[in-house]
Each structure stands twice: as C-alpha cells, then as structure tokens.
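The values are calculated or read from the model by the stated rules, or taken from the named source; none is laboratory data. Predicted model only: the values in this text are computed from it and were never measured. No Cβ is skipped: glycine too gets one built from the backbone with ideal geometry, and neighbour counts run over all protein chains shown. Only protein heavy atoms, including side chains, enter the accessible area calculation; ligands, DNA and RNA are left aside. Shrake-Rupley method; radii C 1.70, N 1.55, O 1.52, S 1.80 Å.
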Amino acid sequence: MYIPTLDLPLMWESLPYLLSGLSYTVGIAVVSFLGGNVLGIMLTFLGMLENPIIRGFVRGYLSFLRGVPALVLLFLLYFGLPYQLSALSAAIICFTLTSSAFIGEIYRGSIAGVDRGQFDAAYALGLSFTKTMRLIILPQAFRISVPALSNVAMDLLKGTSLAAMITIPDIFQKAKIVGGRTFDYMSMYVLVAVIYWLLCILIEAGQKRLEQHFSKRFAANETVRQ
C-alpha cells in the first residue's frame with residue numbers, strides 16, 4: 001500500500017516561489033475586506049430606512065450573495081459577462097460582494113445589540129442621526145463585531161485560493177504549478193496549508209489586540225462615568 005510522504009527539501013526549496021504569490025493572496029483579501037466593510041455599512045444603513053423597496057432590495061441582495069457559492073460568482077464575473085474583466089478585477093469584485101453580505105449582517109446585529117438607551121440619550125442631547133451613529137453607536141457596534149469580523153477576514157483569506165481557478169498567481173496557484181512539475185502535490189498542498197494557517201494566526205492575534213484595546217477603552221470610559 002502506498003503511503004504518501006512529505007519531501008521536506010522540496011518544500012523548503014519551493015517556499016520562496018510560493019511566497020512570491022503572497023502579495024496576490026493578501027492583497028486580494030485586504031482590498032476585498034475593506035471594500036466589503038464599506039458596502040456592508042452602506043447596506044446596514046439602507047436596511048434601516050423605512051422605504052420598503054430599498055429594504056426589500058437589501059434583503060434580496062444579502063440573501064442572494066449569502067446563498068450563492070463564491071466560485072459560482074467568480075466564474076460568472078470572469079467567464080459569464082459579455083465584456084471581459086481581468087482576473088484580478090473579477091476576484092476583487094467577487095470577494096468584495098460576498099464579504100459585504102456577511103459583514104452587513106454582522107453590523108446590523110451589532111447595532112441592534114447596542115443599548116437602546118444610547119440612542120435616546122444622544123437624541124436628548126440634540127445630536128442628529130448621523131452624529132449619533134458616527135460618534136456613539138458605530139464605535140460600540142464595531143467593538144461587538146470584532147470577533148465576527150475576524151472570522152469573515154479568515155474565511156476571505158482562505159477563500160482567495162479560489163482565485164487560482166482563474167489563473168491568479170497566488171500561493172495556491174504556485175503550489176499547483178510546483179506540484180504539477182514535480183508530481184508531488186502532497187508536499188505542496190501541505191506547505192500551502194501551513195502558510196494559510198500561519199496567516200490566520202496573524203489575524204487571530206490582531207483580533208485579540210483589538211479586543212484588548214476596546215476592553216481597556218471601555219473600562220476607562222466606565223471609570224470616567226463613575
């Protein structure tokens with residue numbers, strides 16, 4: 001019976017080549033995450049409007065993008081449109097749209113989790129809705145949403161591996177190339193899995209730092225109020 005083994009020298013020699021695709025992996029993830037946050041916040045505010053048409057559109061948008069596999073949307077953007085998008089543009093648009101649907105739901109739930117008394121106190125002080133959201137509600141909602149946003153960031157980072165399907169030269173595509181050349185896919189896929197894992201560890205570390213920062217800030221604000 002064949003038992004696959006890891007070729008450690010090959011993994012070490014191939015590491016610089018795989019890491020040369022890191023700029024695509026991280027770049028697509030970061031740009032898509034930032035764009036997803038902007039769209040997600042916009043969707044959250046639109047969903048709070050009283051207009052039933054706009055609210056219906058937002059609900060349909062969120063339902064569709066949360067229910068469609070990212071690979072299907074990626075292929076639709078890259079192969080299905082009548083005009084040709086570049087592979088990089090298609091990947092960024094795809095992951096921005098898919099992440100915005102999940103981020104929009106996260107912000108909606110986080111805003112709903114803020115004590116209603118915060119709204120009432122702000123309005124009693126004469127603050128407008130915009131200032132209330134910007135100065136009081138959104139900072140608290142962001143604190144609540146940090147763990148969920150970090151999960152989206154990790155899923156997004158791992159999901160960028162799908163971009164290899166449309167020839168983006170990211171770390172997964174590089175691993176496929178080396179695996180095809182050496183016929184040792186096991187070693188390459190284990191190596192790329194470790195790289196993704198380490199990147200996710202960095203995101204987890206950032207999440208913990210943000211949580212500690214907000215906890216200290218919240219504790220300081222409570223001390224001032226007392």
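Structure summary
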item: Only listed residue being touching a Cys at 6+ places or on another chain (Cβ under 8 Å) and open to solvent by 60 Å² or more (accessible area, probe 1.4 Å), chosen from LYS208, LYS216, LYS158; result: LYS158
item: Qualifying helices (runs of 4 or more DSSP H) (wholly inside the stretch 18-120; at least 3 residues being touching a residue at least 40 places away in the same chain (Cβ under 8 Å) and open to solvent by less than 50 Å² (accessible area, probe 1.4 Å)); result: 22-47, 52-67, 87-113
item: Candidates ALA219, ALA205, filtered to the one that is at pLDDT 90 or above, more than 30 Å from THR5 (Cα to Cα) and hydrophobic (A, V, I, L, M, F, W, C); result: ALA205
item: The stretch 121-154, residues that are touching a residue at least 40 places away in the same chain (Cβ under 8 Å) and open to solvent by 80 Å² or more (accessible area, probe 1.4 Å); result: ARG143
item: Condition met for PHE172 (buried (at least 18 other Cβ atoms within 10 Å of the Cβ), assigned to a helix (DSSP H, G or I), of a type in the set (Phe, Trp, Tyr) and touching a residue at least 24 places away in the same chain (Cβ under 8 Å)); result: yes
item: Scan of the stretch 175-194 for residues that are open to solvent by less than 50 Å² (accessible area, probe 1.4 Å) and over 15 Å from GLU13 (Cβ atoms), ordered by number; result: GLY180
